[in-house]
Each structure stands twice: as C-alpha cells, then as structure tokens.
Amino acid sequence: MTNNTATSGNLLVSKKYAKRSRVAEIWRNLKKNKGAIIGLIIMVFLVVIAFAAPLFLDYERDIISQNVPERLQSPSLQHLFGTDHVGRDIFARVIWGARYSLPIGVVAVIVAVILGVTMGTVAGYYGGMIENVLMRFGDIFASIPHILLAIVVVSALGQSTINLMIAVGVTSTPAFIRVARAAVLTVRNQEYIESARAVGMKDWQIILQHIIPNALSPIVVQVTLRVGSAIISASSLCFLGLGIPAPAPEWGAMLSEGRKYIRDYSYMTLFPGLAIMITVLALNMLGDGLRDAMDPKMKK
C-alpha cells in the first residue's frame, strides 16, 4: 500500500511539472527579479497611457494648438510640466509623445526581426557559402555607424513616420542576424532535427516548426533590449530634424525644440529627456530579467 501511495504521489508531481508550460516557467523565474517586474510595470503603465491619451486629450486643441499668452510658463498645478515657447502644455505633449516613440521602437524592431532572423536562420541552417555571404553582408552594415546609416535611409526614402521606422529597423538588423545565427547553430544538429530530415520534412518546415521555436529565447531577449535602442535612435533622428515632421510631439523633437531655451527654461528639455530615459531604462531592466528567466542555468 505504501509503495502504491508513493508511486501515485510521484505521478502527481510529474504531471504537475509536465503541465507547467514554458511561458509559465519563464514567468515564475521573472517574478523573482524585482528590477524586471518594476520595468514591466513601468512599460504597462506607459502603454496604457499611450492608448488612453485620446480619451482625455484632444490632439488639435491640447497638443498642437498654440497659446502664445501662456508661453514659457514654469511647472505649476495648471501646467504640471510647464509650457513651451508657443504656449503648448508640455505634460500633454509628453503623454501624447508615447504614442509616437513606443510604436516607432516596436515596429522598427519588428522590421529588424523579420530581416535579421530570416538572414541569420538561413545562414546558420545551411552554412557554407550562403552563411559567408549573408554574414559578410551583415558585417558590412554593422561597420557603418547606426545613426549615419539611418540618416542615409531617411534621406533616401523621405521624412515620414513609416520611413523613420524602416530606417531604425534597418540599423538594428545586423544584431539580429548574429543572434539568430548563433541560436540556430546550437540546435541545427540536434537529434530531433535529424529525425525531421529522416521522415522527409522540407527545410522550410524544419526551420519554422523546429529550428526557430527552439532558438527563440535569445531572440526574445534581444527584442526587448533593442526596442530601447530603437527609441533612442528614432529620438536622435527627430532631434536632428530627420524624423517625424513638426508639430508632432515626439520626444526627440521636443528636445530639439527646447534646446534653444535650455539655459533659462530647462524644464522644456528635462521632461522629454526623462521620458526617454525612464522608458529605455524600464525596457533594459525587463530585458535583463527575461535573459535570466530564460537561462536554463538560472532555473530553481
């Protein structure tokens, strides 16, 4: 009886762990990292604010409409972050700016993932001449300063939000090529890949069903970290006047507008700068936490 009870107990424990999905395991590990949870809370808050902004702010009246009599007012209860050189409320513009900076960072990284993961996966899976050509292509792009490459792309395509996303995405592609290739190299010679080839699966089926799912962890971590870098790159281009056209309240463009008044009205650059810093810091904290949570060596 005792042996049967012990066996039943072991089966229950085994089923419990078998039912625990990969996502649940990652979340369990992530919750142990306070920094990652803080970063996640900040990002959720920013996303909610970005989506909810149109509910309590009117773009024409509150964001881009000029109110010269109230220009250059210091932070107060009426204007929490003060007003800019044409009387626009900086608090409202910073909130609305999240609707530009966050989507730009996310879409730019999606572009980089599509290009980089495709090239890196093909290079890692096939090897040989294909790998050499694709990796040298990535090395060429990686050797060009990111901001210079982005300026070239924006100048060639024209100044718009979509072109800004493409430009930032192209500059982030080399990093994903290297990460995807390295991840694929670790799994391409596993037994289950050989079994898939033995049963006659085509290469594209093996890549989509077996290679990419098992090489996804480092790519996900890289995505989280690269969104922050993409936001900085997009803000840099907007600061140089090559991003979203005025009077859109993108954070980098707000920094550019406020630099003329930074000596006497430093709040014009302080709050957009803090928005960029807090967003990127939260993404980096979350990315570091995901890296630890997805690392098998960190499991407990």
Self-check item: Restricting the stretch 228-259 to residues that are among the small types (Gly, Ala, Ser) and modelled with pLDDT under 85, the residue that is nearest to the chain's Cα centre (by Cα)
Solution: Gly243
Self-check item: Residue check, Ser266 more than 27 Å from Ile151 (Cβ to Cβ) and loosely packed, with under 15 Cβ neighbours inside 10 Å
Solution: yes
Exercise. Just need a number here: residues in the stretch 198-228 that are of a type in the set (Lys, Arg) and not in a loop (DSSP other than H, G, I, E, B).
Key: 1
Quiz item: Is it the case that some residue within the stretch 136-153 is crowded, with 20+ Cβ neighbours inside 10 Å, of a type in the set (Gly, Ala, Ser) and farther than 21 Å from Glu250 by Cα?
Solution: yes
Quiz item: Quick one: would you say Gly124 is in contact (Cβ under 8 Å) with a residue 60 or more places away in the chain and within 25 Å of Gln190 (Cβ to Cβ)?
Solution: yes
Exercise. Please work out which residue is surrounded by the most Cβ atoms within 10 Å (Cβ to Cβ), limiting yourself to the stretch 158-197 and to residues that are in a helix (DSSP H, G or I) and hydroxyl-bearing (Ser, Thr, Tyr).
Key: Thr171
Quiz prompt | So Ala92, is it in contact with a Leu (Cβ under 6 Å, 6 or more places away or on another chain), within 16 Å of Val227 (Cβ to Cβ), part of a helix (DSSP H, G or I) and in contact (Cβ under 8 Å) with a residue 12 or more places away in the chain | solution = no
Quiz item: Which numbered condition trips up Ala248, out of (1) surrounded by fewer than 24 Cβ atoms within 10 Å (Cβ to Cβ); (2) in a helix (DSSP H, G or I)?
Solution: (2)
Quiz item: Looking at the stretch 64-89, which of the residues that are assigned to a helix (DSSP H, G or I) and out of contact with any Pro (no Cβ under 6 Å at 6 or more places or on another chain) is surrounded by the most Cβ atoms within 10 Å (Cβ to Cβ)?
Solution: Glu70
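The values are calculated or read from the model by the stated rules, or taken from the named source; none is laboratory data. Quantities reported herein were computed from a predicted structural model and do not represent experimental measurements. Cβ sites come from the backbone with ideal geometry, for glycine too, and all protein chains shown count toward neighbours.
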